[in-house]
Amino acid sequence: MSRIGKMPIAIPAGVTVEVAENNKVTVKGPKGTLERVFPAEMQFEEKDGQIEVKRPDDQKKTKALHGLSRSLLNNMVVGVTSGYEKKLEVNGVGYRAAKNGKKLTLTLGYSHPVELDDPEGIETVVEGNAIIVKGIDKEKVGQHAAIIREKRAPEPYKGKGIKYADEVIRRKVGKTGKK
């Protein structure tokens, strides 16, 4: 039995979960609305403030989809109540980040500044050398943070580049001089 799939999801006050035909689930909350179409095999049961994900059989595919569907639905509920955020750090001499309206401008040692527009539903905030990516969709927040990090990934010798706040860079020893 899936240990994640069988756990019920508590629906907080102010959040509504609606299941339409073709397993289209809409979650509305104080921060916004999220929609997702789930696999047709999964069934959703709502009772006394909780929602459970049920599966019809024990085939390998449906077992995998069971836990996945429960996790995705839980991420939607958490997203519309408290939202998600990823924190990135810009390290390096002359490396900077600046926010101009909905445009993030990164100065990363290239011959030109790198400009990124905020996708719909995602907000980036610059505080000193930190970039905070906020939104209600966990997948979009993570993807946009990965795109920002990809512009100059941290290198192992000096640790220059853009890294996640909780990321640990494995440092290497540089060249040793001739003796």
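The values are calculated or read from the model by the stated rules, or taken from the named source; none is laboratory data. This is a predicted model, so every value here is computed, not measured. So basically every Cβ, Gly included, is an ideal-geometry build from the backbone, and we count neighbours across all protein chains shown. The area values use the complete protein model at the heavy-atom level, side chains included, leaving out ligands, DNA and RNA. Shrake-Rupley method; radii C 1.70, N 1.55, O 1.52, S 1.80 Å.
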- [ ] Give just the number: which of (1) crowded, with 17+ Cβ neighbours inside 10 Å; (2) part of a loop (DSSP other than H, G, I, E, B) does residue 73 not satisfy?
- [x] (2)
Task: Filtered residues of segment 96-136 (kept if of a type in the set (S, T, N, Q) and closer than 24 Å to residue 33 by Cα) - done: 124
Task: Odd one out for residue 65 among (1) farther than 17 Å from residue 3 by Cβ; (2) of a type outside the set (D, E, K, R); (3) more than 16 Å from the chain's Cα centre (by Cα) - done: (1)
Open item on the list: Any residue at all in segment 96-116 that's open to solvent by 30 Å² or more (accessible area, probe 1.4 Å), over 30 Å from residue 52 (Cβ atoms) and within 14 Å of the chain's Cα centre (by Cα)?
Closed with: no
Task: Close pairs from segment 30-50: first more than 21 Å from residue 122 (Cβ to Cβ), partner open to solvent by less than 90 Å² (accessible area, probe 1.4 Å) and of a type in the set (Asp, Glu), Cβ under 7 Å, at least 6 apart - done: 45/52
Open item on the list: Conditions first: (1) loosely packed, with under 15 Cβ neighbours inside 10 Å; (2) over 19 Å from residue 138 (Cβ atoms); (3) in contact (Cβ under 8 Å) with a residue 40 or more places away in the chain; (4) among the small types (Gly, Ala, Ser). Residue 92 passes all but one, so which condition is the exception?
Closed with: (1)
- [ ] Find the residue count for segment 156-165, including only residues that are touching a residue at least 60 places away in the same chain (Cβ under 8 Å) and open to solvent by 100 Å² or more (accessible area, probe 1.4 Å).
- [x] 1
Open item on the list: Between a residue in segment 141-153 that is free of Cβ contacts under 8 Å to residues at least 24 places away in the same chain and over 12 Å from residue 85 (Cα atoms) and any residue that is open to solvent by 50 Å² or more (accessible area, probe 1.4 Å) and basic (Lys, Arg), which pairs come within a Cβ distance under 9 Å, given they are 6 or more apart or on different chains?
Closed with: 146/86
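I'm trying to understand the selection: among the residues of segment 83-113, which are part of a loop (DSSP other than H, G, I, E, B) and among the aliphatic types (A, V, I, L, M)? So that I can check it myself, show each step before the final result.
To start, the set of residues in segment 83-113 that are part of a loop (DSSP other than H, G, I, E, B) comprises 83, 92-95, 101-102, 108-113.
Those that are part of a loop (DSSP other than H, G, I, E, B) and among the aliphatic types (A, V, I, L, M): 93, 108.
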Task: Of all residues in segment 1-36 being over 22 Å from the mean Cα position of the chain (by Cα) and closer than 14 Å to residue 82 by Cβ, the one that is surrounded by the fewest Cβ atoms within 10 Å (Cβ to Cβ) - done: 13
TODO: Kindly check whether there is at least one residue in segment 37-57 that is within 21 Å of the chain's Cα centre (by Cα), open to solvent by 70 Å² or more (accessible area, probe 1.4 Å) and modelled with pLDDT of 90 or more.
DONE: yes
Task: From 127, 123, residue being free of Cβ contacts under 8 Å to residues at least 24 places away in the same chain, open to solvent by 50 Å² or more (accessible area, probe 1.4 Å), within 14 Å of the chain's Cα centre (by Cα) and within 30 Å of residue 82 (Cα to Cα) - done: 123
Open item on the list: On the basis of being farther than 18 Å from residue 116 by Cβ, surrounded by fewer than 14 Cβ atoms within 10 Å (Cβ to Cβ) and in contact with a strand residue (DSSP E or B) (Cβ under 9 Å, 6 or more places away or on another chain), does residue 150 make the cut?
Closed with: no
